[in-house]
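Worksheet: one structure, shown below.
The values are calculated or read from the model by the stated rules, or taken from the named source; none is laboratory data. The structure presented is a predicted model; accordingly, all values stated were derived computationally and were not measured. For neighbour counting, all protein chains shown are included, and Cβ atoms are generated from backbone atoms with ideal geometry for every residue, glycine included. The protein model used for the area step is the full one, side chains on, heavy atoms only, and it has no ligands, DNA or RNA in it. Shrake-Rupley method; radii C 1.70, N 1.55, O 1.52, S 1.80 Å.
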Amino acid sequence: MARVSQAHLDARRRQILDGAALCFARNGFHATSVQDVLKETGLSAGAVYRYFSGKEELIGAIVGEVLDVLRETYEAAAVETPPPLPDVLISRALERLREVRPGGLEGGQWVFSRLLVQVWTEVLRNDELAVQVRAGYDAVRVAWGRVVGSYRSAGLIAQEADADAMARVMIALAQGYTAQLAVIEEMHDRILQEGLRALMSMRDPRAGG
């Protein structure tokens, strides 16, 4: 029997994940069955179960991939000189996610934005997924904290700035924007960039000098 190449295995796994993501984004986790994924991908049950034990594992794999992309994006930014400012960095992270999870529904809506909303709902009932999301969130938060450390080193923010607080707020901003994409389809990444730049240009009138 001919040996299957790693490239073929990776491509098949990608095909399954992409098909599952489309199904989940279209119909939700609970209304989607493995049979729906088989229909979407055109694969047999044996082909899918070779990679994933079932729907729960598919959900976990999609979530893990997204969290890894975000963490890697922020870790890379932390070692840049000068470090990219939030308006650039968050937009970069979204662009990277569009590369990894580019799919759109029939109406053109981005798959990932709908998946995000569903994941946050799912973690309220799925303890195993909640643990995975929390661990992934913490890793992303640490990576953002390193970016904030780079801002300090470059003299872009005050030395006493709370890195963890800033990291949490930046993550919340990106999540909130992505959630809006799932509901308010007119949103565009340019709005995020311009809004962040406007906030970053503010000056506190209570500050002296």
Scan region 148-169 and report the pairs whose first residue is touching a residue at least 60 places away in the same chain (Cβ under 8 Å) and whose second residue is part of a loop (DSSP other than H, G, I, E, B) and not small (Gly, Ala, Ser), with Cβ atoms within less than 7 Å and a gap of 6+ or a chain change. Ser150/Pro83; Tyr151/Pro83; Tyr151/Ile157; Ala154/Pro82; Ala154/Pro83
Which of the residues belonging to region 81-102 are in a loop (DSSP other than H, G, I, E, B) and open to solvent by less than 30 Å² (accessible area, probe 1.4 Å)? Pro83, Pro84, Arg101
Complete set of residues in region 44-76 that are among the hydroxyl-bearing types (Ser, Thr, Tyr) and either touching a His at 6+ places or on another chain (Cβ under 9 Å) or not in a helix (DSSP H, G or I) (or both): Ser44, Tyr51, Ser53
Considering residues that are of a type in the set (Asp, Glu) and in a helix (DSSP H, G or I), the number found within region 170-201 is 2
In region 114-160, how many are within 15 Å of the chain's Cα centre (by Cα) and of a type in the set (D, E, K, R)? 4
Criterion violated by Leu105 - all others in (1) open to solvent by 20 Å² or more (accessible area, probe 1.4 Å); (2) modelled with pLDDT of 90 or more; (3) in contact with a helix residue (DSSP H, G or I) (Cβ under 7 Å, 6 or more places away or on another chain); (4) farther than 15 Å from Arg14 by Cα satisfied: (2)
Being out of contact with any Asp or Glu (no Cβ under 8 Å at 6 or more places or on another chain), of a type outside the set (Lys, Arg) and not in a loop (DSSP other than H, G, I, E, B) is the filter here; which residues of region 149-169 pass it? Gly149, Tyr151, Ser153, Ala163, Asp164, Ala165, Met166, Ala167, Val169
Inspect region 109-131 for any residue being part of a helix (DSSP H, G or I), of a type in the set (Phe, Trp, Tyr) and surrounded by fewer than 15 Cβ atoms within 10 Å (Cβ to Cβ) and give the result as yes or no. yes
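Is it true that Asp18 is surrounded by 12 or more Cβ atoms within 10 Å (Cβ to Cβ), closer than 21 Å to Leu181 by Cβ and acidic (Asp, Glu)?
yes
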